[in-house]
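Have a look at the structure below before the remarks.
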Amino acid sequence: MTAENKKFRVIIVEDVKLELKGTEEIFRHEIPNAEIIGTAMTEKEFWSLIEKEVPDMVLLDLGLGGSTTIGVDICRNICQRYKEVKVLIFTGEILNEKLWVDVLDAGADGIILKTGELLTKMDVEAVMEGKELVFNYPILEKIVERFKRSVENDARRQEAVIHYDIDEYDERFLRHLALGYTKDMIANLKGMPFGVKSLEKRQNDLINRLFPQGERVGVNATRLVVRALELRVIDLDNLEADEE
């Protein structure tokens with residue numbers, strides 16, 4: 001029997017009756033090889049169902065009873081207790097990106113938003129065949145946008161590093177200044193082979209490199225950090241301290 005025709009069992013978790021009926025119709029007409037062995041509108045109903053018969057897949061809505069975190073907790077518990085069960089999220093939480101991250105961290109195999117193409121046979125079968133990170137178009141569009149932006153930012157930062165001749169120690173020095181470290185604290189970092197006086201000299205050298213000639217007077221460490229962030233010499237999203 002081919003993967004396309006192989007039968008599999010599904011539990012649907014959805015707390016809105018009309019949406020539950022619509023989802024059942026999608027399976028009935030579009031994914032006939034799926035056998036719906038139960039539907040649940042609450043967490044309690046779901047656990048009662050899965051304890052009686054373990055499905056191959058759980059189609060899980062995140063918002064149950066007005067709470068979005070219950071779905072994440074259910075997903076995490078399924079993935080811990082029933083490791084062979086696939087969990088596909090089918091949610092109307094179309095703007096809550098943090099929730100998507102939370103449920104992926106909890107172990108979900110994919111997320112289908114209740115918009116765009118909705119639930120398709122291709123997505124469901126991809127999950128059943130072991131594909132991870134199955135998304136429909138609205139999420140894929142956002143992922144691609146973020147990816148493009150990230151690549152562009154990385155490219156700008158590399159150009160700035162080359163243009164302003166920023167070496168490893170310049171970057172570490174600026175990054176720790178941005179984190180509120182004093183020069184004494186930076187000098188004591190593991191692998192930083194400079195004393196305070198050398199760091200003061202490095203700071204003055206950076207001021208000369210990053211500021212036009214007429215703007216260098218009176219520049220302190222804070223203004224230097226702001227300038228480094230503006231020029232993308234250091235990355236605001238990756239300000240983490242080194243091991244001390």
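Residues satisfying the criterion are absent from the stretch 235-242 (criterion: in a helix (DSSP H, G or I), more than 30 Å from VAL103 (Cα to Cα) and open to solvent by 90 Å² or more (accessible area, probe 1.4 Å)).
Summed over the stretch 16-39, the residues that are open to solvent by 40 Å² or more (accessible area, probe 1.4 Å) and assigned to a helix (DSSP H, G or I) give a count of 9.
Residue by residue, here is whether (1) touching a Cys at 6+ places or on another chain (Cβ under 9 Å); (2) in contact (Cβ under 8 Å) with a residue 12 or more places away in the chain; (3) open to solvent by less than 90 Å² (accessible area, probe 1.4 Å) holds:
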position	(1), (2), (3)
LEU140	no, no, yes
ILE143	no, no, yes
PHE147	no, no, no
VAL151	no, no, yes
ASP154	no, no, yes
TYR164	no, yes, yes
ASP167	no, no, yes
ARG172	no, yes, yes
LYS190	no, yes, no
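Among the residues of the stretch 56-70 satisfying the criterion of being over 21 Å from ILE26 (Cα atoms) and either at pLDDT 95 or above or not hydrophobic (A, V, I, L, M, F, W, C) (or both), which is surrounded by the most Cβ atoms within 10 Å (Cβ to Cβ)? Steps first, please.
Pass one, the stretch 56-70, residues over 21 Å from ILE26 (Cα atoms): 65-70.
With the extra rule that they be either at pLDDT 95 or above or not hydrophobic (A, V, I, L, M, F, W, C) (or both), the set shrinks to 65-69.
Numbers: GLY65: 9, GLY66: 7, SER67: 13, THR68: 17, THR69: 13.
Step by step, filter the stretch 56-70, then rank; the result is THR68.
Could you list all residues from the stretch 126-158 that are more than 25 Å from ASP237 (Cα to Cα), part of a helix (DSSP H, G or I) and in contact with a Lys or Arg (Cβ under 9 Å, 6 or more places away or on another chain)? Lay out the reasoning, then the answer.
From the stretch 126-158, those more than 25 Å from ASP237 (Cα to Cα) are 126-132, 134-137; that's our starting set.
With part of a helix (DSSP H, G or I) added as a condition, the list becomes 126-128, 137.
VAL127, MET128 - these are the residues of the stretch 126-158 that are more than 25 Å from ASP237 (Cα to Cα), part of a helix (DSSP H, G or I) and in contact with a Lys or Arg (Cβ under 9 Å, 6 or more places away or on another chain).
Of all residues in the stretch 67-92, those satisfying the criterion of being in a loop (DSSP other than H, G, I, E, B) and either within 15 Å of VAL10 (Cβ to Cβ) or touching a Ser or Thr at 6+ places or on another chain (Cβ under 6 Å) (or both) are TYR82, GLU84, VAL85. The C-beta contact set for the stretch 200-211 (first residue without any contact (Cβ under 8 Å) to a residue 40 or more places away in the chain, second residue open to solvent by 20 Å² or more (accessible area, probe 1.4 Å) and of a type in the set (Lys, Arg), distance under 7 angstrom, 6+ apart or interchain) comprises GLU200/LYS183; ILE207/ARG216; ASN208/ARG216; PHE211/ARG227.
The values are calculated or read from the model by the stated rules, or taken from the named source; none is laboratory data. Bear in mind that the values here come from a model prediction, so they are computed numbers and not experimental data. Counting neighbours? That spans all protein chains shown, and the Cβs are built from the backbone with ideal geometry, glycine included. Areas reflect the complete protein model, heavy atoms only, side chains present, ligands, DNA and RNA absent. Shrake-Rupley method; radii C 1.70, N 1.55, O 1.52, S 1.80 Å.
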